[in-house]
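Written out below as structure tokens is the structure these notes cover.
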């Protein structure tokens, strides 16, 4: 579906007027013809243009539903292709329908107007809604990236992501209210209304804006890939779709040459040799890899290494890398790993007034065969002091 650039330009001005609090009736009458023909993809472009103007997502959220309400008639009449049964998009749509059923059930409890006797049941049902976070995670981590790669305007999906966070915050607040010693109906009522507004609003935006746009820009192969990736997540309130052999991720890890560099390609991305080395050495831990023959094969060089290592250790038998009094324990750990009896071992020691965490992890290939052990050492002195929260937005 082609986007009408002139209509998008005019409706961008319309939304700008709404943001500037201009008279709504006057604006509508001026842009009425365009409002009545706007499409889902054009809606994305219009709001993306506001982000490009430097308007923050939180400001756009304040007028988002007002604008979409004005676009409503055109959006709900828009005809789009339907997804295949059990496809990635079809399961997202089923989840939305199941969510609406859950919300209707909560409404019925509220209608009884007996908050005191129903608060426990309300808590149970509202806690259940937390399962729906997998729906939002699949959008954020699978659908959004595919759409953003298609067209720049889909960077506007950050606005919808902000709505996900509002839903999460509202759920958290409601649970806090209902878990308090004396739950307050006065506190509960406006917040449950807020949650309903957010969740129903998200269902609407997906149904009439996001999903129709996705159907027009994503190809069949990409839908198949998204379905495969979705099995890493839950399927809230619906039956898990059947898994065909073709639905399983089967991409093989491999090394390829790109120009002068060797690049490691896996199903989770790709890294050059230099990038992998930088990542290893940036980790705030000491890593040492011992292969299945008990030989030291690799260690990292972080900025502040806890235990000294020299290149001379490469190829050395691990039993010769530990003091005599502890080597028998190391050998026992490796033996348990090799037999498949254990997968990890954890210790902590005091060293120069610092607390050092030492962990060993068994490494196994895709067939489950033992391939060595990874030793991870970390200074956790400051970590032990952490209390409460320090969120990303508090960083300076």
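Worth pointing out:
- Selection status of residue 12, closer than 27 Å to residue 165 by Cβ, surrounded by 13 or more Cβ atoms within 10 Å (Cβ to Cβ), in the same structural domain as residue 70 (by TED's automatic domain parsing) and free of Cβ contacts under 8 Å to residues at least 40 places away in the same chain: yes
- Answer residue from segment 365-384, given it is farther than 20 Å from residue 352 by Cβ and out of contact with any strand residue (DSSP E or B) (no Cβ under 8 Å at 6 or more places or on another chain) and is surrounded by the most Cβ atoms within 10 Å (Cβ to Cβ) among those: 369
- Options 232, 224, 206, 166: the member that is surrounded by fewer than 21 Cβ atoms within 10 Å (Cβ to Cβ) and either under 29 Å from residue 67 (Cβ atoms) or modelled with pLDDT of 95 or more (or both): 166
- Within segment 289-301, the residues that satisfy the criterion of being free of Cβ contacts under 8 Å to residues at least 60 places away in the same chain and buried (at least 16 other Cβ atoms within 10 Å of the Cβ) are 294, 296, 299, 300.
- Of the listed requirements (1) touching a strand residue (DSSP E or B) at 6+ places or on another chain (Cβ under 9 Å); (2) part of a helix (DSSP H, G or I), residue 362 misses just one: (2).
- When 335, 304, 286 are checked against the criterion of being exposed (fewer than 12 other Cβ atoms within 10 Å of the Cβ), within 33 Å of the chain's Cα centre (by Cα) and more than 30 Å from residue 165 (Cα to Cα), 304 stands alone in meeting it.
- Check on residue 391, within 29 Å of the chain's Cα centre (by Cα) and at pLDDT 90 or above: no
Residue by residue, here is whether (1) surrounded by fewer than 12 Cβ atoms within 10 Å (Cβ to Cβ); (2) in contact with a helix residue (DSSP H, G or I) (Cβ under 9 Å, 6 or more places away or on another chain) holds:
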residue	(1), (2)
77	yes, no
107	yes, yes
121	no, yes
135	no, yes
139	no, yes
155	no, yes
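- Of all residues in segment 319-343, those satisfying the criterion of being touching a strand residue (DSSP E or B) at 6+ places or on another chain (Cβ under 7 Å) and either within 20 Å of residue 356 (Cα to Cα) or outside the structural domain of residue 378 (by TED's automatic domain parsing) (or both) are 321, 333.
- Flag if residue 192 is modelled with pLDDT of 95 or more and either surrounded by 15 or more Cβ atoms within 10 Å (Cβ to Cβ) or more than 24 Å from residue 65 (Cβ to Cβ) (or both): yes
- Per the listing 362, 312, 345, the residue uniquely more than 33 Å from the chain's Cα centre (by Cα) and either surrounded by 12 or more Cβ atoms within 10 Å (Cβ to Cβ) or over 15 Å from residue 294 (Cβ atoms) (or both) is 312.
The values are calculated or read from the model by the stated rules, or taken from the named source; none is laboratory data. Every value quoted in this text rests on a predicted model; they were computed, and no experiment measured them. Here Cβ is always computed from backbone atoms with ideal geometry, including for glycine, and neighbour counts include all displayed protein chains.
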